[in-house]
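The values are calculated or read from the model by the stated rules, or taken from the named source; none is laboratory data. This structure is a prediction, so every number in the text was calculated from the model and none was measured. Positions of Cβ are generated from backbone atoms using ideal geometry, with glycine treated the same way; all protein chains shown enter the neighbour counts. The protein model used for the area step is the full one, side chains on, heavy atoms only, and it has no ligands, DNA or RNA in it. Shrake-Rupley method; radii C 1.70, N 1.55, O 1.52, S 1.80 Å.
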Amino acid sequence: DAVAHRTALENDGKTVAVLGSGVDVCHPSTNLALYNSILAKNGALVSEYPPGTGPTRGSFPSRNRIIAGLSQAIIVTEGAEDSGALITASNAASLHRPVFAVPGPITSNLSKGPNKLLSEGALLVTSTADILQELGIKNHESRKKKQAIRGETEDEQKIIDLLQNEALSVDEIIKRTGFDSATAGVL
């Protein structure tokens, strides 16, 4: 989620963060700079929870119905079979929103979610053109702006560089970078 919000902001786009807490509670706290950037660049922070409410395990799956309701379409790139991404996709389907999925290796647990969606009729994504065409967005070639993705830290950049040509599990990223699981999970 954080990467999507950052990318939207870096490209002068608008972004809406749907929180699993009150709008005055930034979770995780490591996203405080992003939280403030969304507000500073006329984005929005949305929550169904009253101010001061901290996140709970159940509040994140619950917020997914709001994400589906606000979205024109849902694109699932990774997720386990029981991930929140599949909850969001289910909510989107019930609202008759297009659900897209990016296939992944059958050996990856993070591909099980998208692959399951594809077997259930989600729209296959092999390029951005698949999404733009389905949504009826024309002149997308003129909108293309090839921009290198840059991490905010040296460690983030190391992970981005690893992921440029192939999808990797968190375990594989840890193995290749030497990061501990807590560091790799936060980046």
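Observations on the structure shown:
- Selection status of SER47, under 18 Å from LYS14 (Cα atoms) and touching a Gly at 6+ places or on another chain (Cβ under 8 Å): yes
- The stretch 1-34, subset part of a helix (DSSP H, G or I) and touching a His at 6+ places or on another chain (Cβ under 9 Å), residue most open to solvent (accessible area, probe 1.4 Å): ASN31
- Some residue of the stretch 143-153 being at pLDDT 80 or above, within 23 Å of ALA8 (Cβ to Cβ) and in contact with a strand residue (DSSP E or B) (Cβ under 9 Å, 6 or more places away or on another chain): no
- If you go through the stretch 67-88 and keep only what is crowded, with 17+ Cβ neighbours inside 10 Å, among the hydrophobic types (A, V, I, L, M, F, W, C) and over 16 Å from LEU135 (Cβ atoms), you end up with ILE67, ALA85, LEU86, ILE87.
- As for the stretch 40-55, it holds no residue that is out of contact with any strand residue (DSSP E or B) (no Cβ under 8 Å at 6 or more places or on another chain), touching a residue at least 60 places away in the same chain (Cβ under 8 Å) and not hydrophobic (A, V, I, L, M, F, W, C).
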